[in-house]
Amino acid sequence: MFTPASALALDPPQQHVLESLARAGTTPQMLARKCEVILLASQGVPNNAIAQQTGLSRPTVIATRAAYARGGMEAIRRRQKRQRSRRVLTPELEQRILDTTLQTRPPDATHWSVRTLARHLGVTRTLVHGVWQRFDVQPHRVERFKLSNDPQFEEKVRDIVGLYLSPPDRALVLSVDEKSQIVRRDKPAWNRG
């Protein structure tokens, strides 16, 4: 699965310092765990096993080993910082997010989702979500009027509107809306027989 990492080389003074920090009750918990990681790594224990024993994730174990190899004890005492650049929301980027959301469509979908738009623009999904919330943009909710593709649609509209605008004398105009969700399961009680 993973290639096993080689054992870290520790000299006796380094090992003594790490052991005393790992056992001391006054050592911050995260530093004590990192000391345990280095001690286990010096014994040749695989990263997965170290992660299980210490309760840390495998990437944290690997990062701790790398930090210790680079800078020794001082490197694991410092808080590790992520090495990624954060994209700041500028008014231009905000406008670009809104314009793309409202004026374009993704090539294989009917509307943008937070993730697809973020991937398309190269920003984080939380940035896109924040802009959508601020401006109450909900592309999954369509609020457009859709015309029927019925070839006789225009004639039917004229007939119906004509009934409302100039109904015949003594005419009763009823409007019935079709509900596709309502399905009659059996015959009504008055029609059984």
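The values are calculated or read from the model by the stated rules, or taken from the named source; none is laboratory data. Computed from a predicted structure; not experimentally measured. Glycine also receives a Cβ, built like all others from the backbone with ideal geometry; neighbour counts cover every protein chain displayed.
Quick rundown of the values:
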read-out	value
Unique match (being without any contact (Cβ under 8 Å) to a residue 40 or more places away in the chain and either at negative phi or assigned to a loop (DSSP other than H, G, I, E, B) (or both)) among Val17, Val45	Val45
Qualifying positions in the stretch 26-42 - in contact (Cβ under 8 Å) with a residue 40 or more places away in the chain and among the basic types (Lys, Arg)	Lys34
Criterion: assigned to a loop (DSSP other than H, G, I, E, B), at pLDDT 85 or above and more than 30 Å from Val131 (Cβ to Cβ) - qualifying residue of Thr26, Thr60, Thr3	Thr26
Unique match (being within 23 Å of the chain's Cα centre (by Cα), without any contact (Cβ under 8 Å) to a residue 60 or more places away in the chain and exposed (fewer than 13 other Cβ atoms within 10 Å of the Cβ)) among Leu93, Leu102	Leu102
Pair list, Cβ under 6 Å, 6 or more apart: the stretch 58-72 residue in contact (Cβ under 8 Å) with a residue 24 or more places away in the chain, other residue of a type in the set (Lys, Arg) and buried (at least 19 other Cβ atoms within 10 Å of the Cβ)	Thr64/Lys34
